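Below: one structure, written as structure tokens.
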Amino acid sequence: MARILIIEDEKDIAGALEYNFKKEKHETSVAYDGIQGLKLAQGYSPSLIILDIMLPGMDGLEICRKIKSNPKTEGIPIIILTAKSEEVDKIVGLELGADDYITKPFSMKELLARVKTILRRSEKKQIAAPDILKFDDLEIDSEKHQVSVLGKAVDLTAKEFQLLKYLAENKERVFSRDRLLDSVWGINVAIETRTVDVHVRRLREKLGKASRHIKTLRGVGYKFNV
Ligand code: CA
């Protein structure tokens, strides 16, 4: 099951798409103009977007550009519907980042097949990049925001988690306290460097045996040892 956003002003086409996606057990949402379409693309978090080009409000090319240039929505696959073959040149030429396009009039069977392929591809992508860092006794799961030591969950604060994750992602690299403050706390935050030491101390306490991964380099800073 996927969430499919249909941005199409021709009600017959939108209706036919909706009918067929629902038959395939997908959830759908429809926008009949560009502005509403963009709003839904950002708020409805669809797994895929069917996007017409000629739309009232904002055209499909502009919508595509906006979706693909926003880090929050750039990963959403888009299939563009076009009425003219000249538009195809535009889509390809502008490198808008659309995942596929189909020219009207189109066969529903063909479109459903393409949707299936793209959904399968984006599922695979998600599986291929698990946000889990594994070391023999320590596991850091970014997606679940969870750390475990020898299979047992450890309760960390948000900052402790970010600090550990940052060090682990950059294992064997040495970081000064200032650098860690910039990277983990943010460059505009006015706090003292000993804040880093306090967090490292607490982090080590919570990690128990796995605390050996965080090494202090006197007069320099910290690093993550594998
Ligand atoms: Ca149209």
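The values are calculated or read from the model by the stated rules, or taken from the named source; none is laboratory data. Since the model is a prediction, treat every value here as computed from it, not as a measurement. Note that we place each Cβ from the backbone using ideal geometry, even for glycine, and neighbour counts take in every protein chain shown. Areas reflect the complete protein model, heavy atoms only, side chains present, ligands, DNA and RNA absent. Shrake-Rupley method; radii C 1.70, N 1.55, O 1.52, S 1.80 Å.
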_Placing unit charges on C-beta atoms (Lys and Arg positive, Asp and Glu negative, everything else neutral), compute the dipole magnitude of the stretch 32-170 about its Cα centre in debye, rounded to 20._
320
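Of all accessible surface on the stretch 1-151 at a 1.4 Å probe, what whole percent is carbon and sulfur?
Details: 4360 of 8550 Å².
Percent of accessible area from carbon and sulfur atoms in the stretch 1-151: 51.
Can you tell me the accessible area per residue over the chain, all protein chains present, probe 1.4 angstrom, in square angstrom?
On the way: 12950 Å² over 226 residues.
Counting only protein heavy atoms, the per-residue value for the chain is 57 Å².
Semi-axes of the equivalent ellipsoid for the chain, please: Cα gyration tensor eigenvalues, times 5, square-rooted, ordered largest first, whole Å. Mind showing how you got there, number by number?
Numbers: eigenvalues 454, 74, 42 Å².
Semi-axes from the Cα gyration tensor: 48, 19, 14 Å.
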*Computed over the Cα atoms, what is the radius of gyration of the stretch 157-226 divided by 2.2 N^0.38 Å, N being its residue count?*
1.00
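Would you mind checking the pairs K39/K152; K22/K124; K22/K84; K72/K152 and listing those with alpha carbons more than 30 angstrom apart? Kindly include the intermediate steps, with their values, before the conclusion.
Details: K39/K152 42 Å; K22/K124 23 Å; K22/K84 28 Å; K72/K152 32 Å.
Over 30 Å apart, Cα to Cα: K39/K152; K72/K152.
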*If one takes the longest principal axis of the Cα atoms in the chain, at what angle in degrees, from 0 to 90 and to the nearest 10, does the Cα axis of helix 108-128 lie?*
0
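Considering only the chain, what is the antiparallel percent among its DSSP beta bridges, to the nearest 5? Don't skip to the answer; put the middle values down first.
On the way: 15 of 32 bridges.
Restricted to the chain, the bridges split so that about 45 percent are antiparallel.
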*Of K23/K104; K68/K159; K144/K206, which ones are farther than 20 Å apart at the Cα?*
K23/K104; K68/K159
*Charge-dipole axis of the stretch 132-224 as Lys and Arg at +1 and Asp and Glu at -1 on Cβ define it, positive-most pick from G219, T195, I140*: G219
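Quick check on the chain: helices-only [θ] at 222 nm, where DSSP H runs of length 4 and up contribute -39,500 (n - 2.57) each and the sum goes over total residues. Nearest 500, please. Walk me through the numbers before you get to the answer.
On the way: 8 runs with 93 residues, N = 226.
Computed mean residue ellipticity for the chain: -12500 deg cm²/dmol.
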*Apply the Debye scattering formula to the stretch 1-86, with a single equal point scatterer on each alpha-carbon and no solvent, then give log10 I(q)/I(0) at q = 0.14, 0.20, 0.22, 0.25 Å⁻¹.*
-0.41, -0.85, -1.02, -1.28
